[in-house]
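Chemist: Here's a structure for you.
A short reminder: the numbers here are calculations on the coordinates, not readings from a lab. In this text, all values refer to a predicted model and were calculated from it rather than measured experimentally. Here the Cβ is made from the backbone with ideal geometry for all residues, glycine too, and neighbour counts use every protein chain on show.
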Amino acid sequence: MKELVVDLGTKGYGLLIRAGDLLQPVLLLIFRLTWGWQFFVTGKGKLLNHPDIVEFFTSLGIPLPDFNAWFVAGVECVGGILLILGLASRPIGLMLTVNMIVAYLAVKDDREAVFNMFKDPDTFLQADPFFFLLTAVLILAFGPGKFSLDYLLSKTLFKKLNQESGEAKA
């Protein structure tokens, strides 16, 4: 009887793992599409309202506010498109993660939310940068998933390049 319970538990756990593995690329795609679009929209808004963003960055004490307004807008706009496509996902995930950490730390209320996230997690979770940061960290940590150009390139172009370099050495 004990062996049957262990066997059923092992099989059940194995099914759960396989189901989770099937959900992973779908979840990553949903995050990439949803928040990639949001990154694009916010970046585009920063590009179209550049003087207002410079003024805001100046009020926050961000150095080189004009340059940083262009830079952040570009990172968010182009990064959003790249997330949607699933192209250069990990490098853009890193850039967007750093961008969102700076966003959290630059605004006084959000900075306090970070420093008090264990005492008052709701404030941290409800801050504007939260889902942007979460998405960037997810893509940085797990990659874009199977429904992405990165995955397609890894299975076609990079495989072909590795085969060609192997033939050249032989």
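Chemist: What does the net charge come to around E112 if you take all other residues with beta carbon closer than 12 Å to its beta carbon, with K and R at +1 and D and E at -1?
Modeler: After counting each charged neighbour, the total is 0.
Chemist: In nanometres, what is the gap between the two model label sites at K11 and A141, each 7 Å from Cα along Cα-to-Cβ?
Modeler: Computed distance between label sites K11 and A141 equals 3.3 nm.
Chemist: Turning to a different aspect of this structure: Out of residues 5 or more away from G86 or on other chains, whose amide H comes under 5 Å of its own, with H placed 1.01 Å from N in the peptide plane?
Modeler: L149
Chemist: What full-extension length gain, to one decimal in nm, is calculated for E112 and N162 as 0.36 nm per residue of separation minus the Cα-Cα distance?
Modeler: Contour length minus Cα-Cα distance gives 13.1 nm.
Chemist: Ranked highest first by the average count of other Cβ atoms within 10 Å around their residues, in what order do 98-106, 17-25 fall?
Modeler: Highest-to-lowest ranking by the protection proxy: 98-106, 17-25.
Chemist: Based solely on its DSSP helices, what 222 nm [θ] is calculated for the chain when runs of n ≥ 4 H residues each add -39,500 (n - 2.57) and the sum is averaged over all residues, nearest 500 deg cm²/dmol?
Modeler: -28000 deg cm²/dmol
Chemist: For Cα pairs less than 8 Å apart in space and 6+ apart in sequence, what is the mean separation divided by the residue count of the chain, i.e. the relative contact order in percent?
Modeler: Dividing the mean separation by the residue count of the chain yields 26 percent.
Chemist: Quick one: net charge around V75, please, counting Lys, Arg +1 and Asp, Glu -1 for every other residue with C-beta under 14 Å from its C-beta.
Modeler: With Lys, Arg at +1 and Asp, Glu at -1, the neighbours total +1.
Chemist: Need the list of lysines near K119 for cross-linking: C-alpha distance under 20 angstrom, and skip anything on the same chain fewer than eight residues off.
Modeler: K108
Chemist: How would you rank 7-15, 83-91, highest first, on the average number of other Cβ atoms within 10 Å across their residues?
Modeler: Peptide ranking by packing, descending: 83-91, 7-15.
Chemist: Going highest first, how would you order 41-54, 117-130 by mean Cβ packing within 10 Å?
Modeler: Ranked by mean Cβ neighbours within 10 Å, highest first: 41-54, 117-130.
Chemist: Can you list the equivalent-ellipsoid semi-axes of the chain, largest first and in whole Å, using the square root of 5 times each Cα gyration tensor eigenvalue?
Modeler: Working through the eigenvalues yields semi-axes of 37, 26, 13 Å.
Chemist: Can you tell me the FRET efficiency between L33 and T123 if r is taken as the Cβ-Cβ distance and R0 is 25 Å, rounded to the nearest 0.05?
Modeler: Computed FRET efficiency for L33 and T123: 0.35.
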